[in-house]
Amino acid sequence: MAHRKQALFRALGIAAYLCATAAAQTDTSAGMPADAARETPADTADLSNDSTQVSTTAPDTGAGPGKVIELDRMIVRDKRPRAKDQTAKPSVMTGDEIREAVRSTPLEELAQKSADVYVSSRGAGLHGVASGASGGIHVRGLGGSPNSQVLVVEDGVPDYQGIFGHPIPDAFVPVLMDRVVLVKGGDGVLYGTNAMGGVIVVENRWPSEEKTKLSTETAYGSFNTFRQRVCVEKSSDRIAAIAAGNAFITEGHRPGMDGNSGSAQLGLRTYLNPDWTFSVREKVVHFNGNDPGPVNDPNPDHWFDVLRNNAVLRLDGKLGPVFMTSSVWVNAGIHKLYDGFYSRDYTGGGKLEATGRIGEIVELIYGAQGDYVDGAVRNRTEDTREHVDPMKDGALYGQATVFPVKGLQAVLGGRGLYSDPYGFVPLYKCGVRWEFLDTVIMHARLTRNFRQPTLRELYLPFPTANPDLEPEYALNWDGGAEARFRKVFLGCTVFRTWATDLIKYFGAWPTAEVVNIDEIEIWGIDAAAGLRDIGPFAFEAAYCWQDVGTYTKQNPESKANANIFVRHPVGKWRGELKLGAEWVHGLYMDNYNRKAINDVFFVDMSARARRTTAKGIEIAPFVVVRNILDMENAYIENYTLPGIHVLCGLNLEL
């Protein structure tokens, strides 16, 4: 306890120094901050249906069918939808909410928003890979570790590891994120394989003003944790460019929890003419660390080293009333483990999508997509190689949204996918959303999704493989209602997840097996409530209960989240305080209700002060205090989370 208090006081001392430095740099003749209308988590606490986008650059013709009005170089777009399918009742978080998280990682902050989303943690700021890793994502009972039933889509293209078929939690880099949309229940029609339980749609931003802009964040905290973020952007009449870097390093709260990560992102976009743009995005992520092992049997030398590279070429424009988007992408990675494991994986593909309208009542999305997955695996120690066959698939898909009367929309969609070697796979969905009295929304949705087996499950003896596996299928349904008033939000959703041919591992090497099981059925209920603009306060809370059946490993029965926001001017500064709490019940380390672990409960806090100087420099010192109750918790058995710990820093925007 003594060393925790010393670390706490040292970090708080650094925070005080940063605040004093910021105050000294501020022009005291400035009035109230120009950013008084800046969006904060309390402003965007899932209490609105849409977000308005304003830009001073050339039109972003990839934005969709929204009308564009040009007024002296200012482009004002109509409200952009929360998702392509609004009957899915998606959760939306802004880039600022993700970057200013009170939780240790962006994925954990995303789970803080929704009670029916569960993400495990080691509390070190890195999730890791292989044994001992956290970051398993469950959405309404599907997902887990690995996360091959939850798909991440970044800038319109799928992002997952080719050999193991799942997204890499530590590659979820928030520096350039504009917003993140979470589609619960999945959407195989629009996104294809792996979108069984949910889809995390990441939209990165472009420069918003015709000037050079620099933003930085420097932070230091407990366990010698250091974080640095830098972003530079520039826009002109013809070209927009944005670049960002992120560095993170920590010694961790116990031996073997040390690690570091670094990333670089680059985006270039050129305006070919008033209707067409061509863009390139590149993201490189490198991280390494250790699996420290359980506290009762540590193994701090179980290291990992991961390098990922994702490149996307995109052409956006319009042909008459139809908006077109075409993308080509490559995602490659190298993974190394302490035991000699070495893999190179490749995923790539192309996509052409069009959006248009038929009159005023029908909106269409239709397209074609092809994907390719391959890799190579060897043991560096024994110089042996594993045989892997590539996988290919192609698909045609479409979605129609009908607006028969004001406030009512119905969605119908289908995808015809041909998979090598599984043949033709039909996917479909339908949904309805009805808003009436300007306050009440009712919604229902049914979607059929699938996931093809991964290269690991088919070919790699870790601990075993089965080349005769069949794809997984899920038929997900949800329905509910919500009421939105000026200061109050109430909502409730009932959901059913029904999946067949799920792929599960049983036993341990050398007698382990991986097989398709018959089916699972999960019923659950998700409820949420919120208050806003109660003086300087806002509040949101969510609760989820689900009957996960026999497959209980890291799939909790109940989860609750709550957030309190306070915003208030203090002199020429704008103060912001956030308290976030999470409670998780019914956690097991094995299926069939075996190896129960204690409930998880913690409270985190962040405090920020913002000010814009007369020269237009925004200064924002902050402090984040995690596990402020200093409770002993563990999402993973014997991988205890740290006690109270602190991160202090300073944001600057020039």
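The values are calculated or read from the model by the stated rules, or taken from the named source; none is laboratory data. Please read all numbers here as calculations on a predicted model, not as lab measurements. Positions of Cβ are generated from backbone atoms using ideal geometry, with glycine treated the same way; all protein chains shown enter the neighbour counts. Keep in mind that these areas ignore ligands, DNA and RNA; they rest on the heavy atoms of the full protein, side chains included. Shrake-Rupley method; radii C 1.70, N 1.55, O 1.52, S 1.80 Å.
So here's what we get for this one:
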read-out: Qualifying residue in region 612-633 (condition: at pLDDT below 95, buried (at least 23 other Cβ atoms within 10 Å of the Cβ), out of contact with any helix residue (DSSP H, G or I) (no Cβ under 9 Å at 6 or more places or on another chain) and not in a loop (DSSP other than H, G, I, E, B)); value: yes
read-out: Qualifying positions in region 159-189 - in contact with an Asp or Glu (Cβ under 7 Å, 6 or more places away or on another chain) and within 21 Å of Asp371 (Cβ to Cβ); value: Gln161, Gly162, Ile163, Pro167, Asp187
read-out: Qualifying residue in region 312-322 (condition: in a strand (DSSP E or B), of a type outside the set (Gly, Ala, Ser) and free of Cβ contacts under 8 Å to residues at least 24 places away in the same chain); value: yes
read-out: Any hit, region 181-193, residues being open to solvent by 20 Å² or more (accessible area, probe 1.4 Å) and over 30 Å from Gly143 (Cα atoms); value: no
read-out: Subset of region 413-443 that is of a type in the set (A, V, I, L, M) and open to solvent by 50 Å² or more (accessible area, probe 1.4 Å) - its residue that is modelled with the lowest pLDDT; value: Leu437
read-out: Members of region 98-125 that are small (Gly, Ala, Ser) and assigned to a helix (DSSP H, G or I); value: Ala111
read-out: Residues satisfying the stated conditions in region 440-481, i.e. within 28 Å of the chain's Cα centre (by Cα) and in a helix (DSSP H, G or I); value: Leu455, Arg456, Glu457, Leu458
read-out: Qualifying strands (runs of 3 or more DSSP E) (wholly inside region 181-298; at least 3 residues being touching a strand residue (DSSP E or B) at 6+ places or on another chain (Cβ under 8 Å) and under 22 Å from Ala133 (Cβ atoms)); value: 198-204, 239-250, 259-273, 276-291
read-out: Region 617-654, residues that are in contact with a Pro (Cβ under 8 Å, 6 or more places away or on another chain) and either polar (S, T, N, Q) or at positive phi (or both); value: Asn627, Asn638, Asn651
read-out: Subset of region 459-469 (residues that are open to solvent by 10 Å² or more (accessible area, probe 1.4 Å) and under 13 Å from Asn516 (Cβ atoms)); value: Asn466, Pro467, Asp468
read-out: Residue match in region 562-570 (condition: assigned to a loop (DSSP other than H, G, I, E, B) and open to solvent by less than 60 Å² (accessible area, probe 1.4 Å)); value: no
read-out: Which numbered condition Ser120 misses (of (1) hydroxyl-bearing (Ser, Thr, Tyr); (2) over 30 Å from Val189 (Cβ atoms); (3) modelled with pLDDT of 50 or more); value: (2)
read-out: Restricting region 328-353 to residues that are acidic (Asp, Glu) and crowded, with 19+ Cβ neighbours inside 10 Å, the residue that is nearest to Glu154 (Cα to Cα); value: Glu353
read-out: Criterion (surrounded by fewer than 18 Cβ atoms within 10 Å (Cβ to Cβ), within 23 Å of Met631 (Cα to Cα) and acidic (Asp, Glu)) met by exactly one of Glu582, Glu557; value: Glu557
read-out: Some residue of region 356-378 being among the β-branched types (Val, Ile, Thr), under 23 Å from the mean Cα position of the chain (by Cα) and at pLDDT 95 or above; value: yes
read-out: Single residue of region 354-395 satisfying the filter (within 18 Å of Leu458 (Cβ to Cβ) and in a loop (DSSP other than H, G, I, E, B)) that is most open to solvent (accessible area, probe 1.4 Å); value: His387
read-out: Residue under evaluation His166, criteria (1) farther than 23 Å from Ala332 by Cα; (2) in a loop (DSSP other than H, G, I, E, B), criterion not met; value: (1)
read-out: Any hit, region 498-505, residues being touching a helix residue (DSSP H, G or I) at 6+ places or on another chain (Cβ under 8 Å) and over 19 Å from Gly414 (Cβ atoms); value: yes
read-out: Region 402-412: number of residues that are open to solvent by 40 Å² or more (accessible area, probe 1.4 Å) and outside any strand (DSSP E or B); value: 4
read-out: Residue list for region 471-530, filter: aliphatic (A, V, I, L, M), in contact with an Asp or Glu (Cβ under 8 Å, 6 or more places away or on another chain) and within 30 Å of Lys392 (Cα to Cα); value: Ala499, Leu502, Ile503, Val514, Ile517
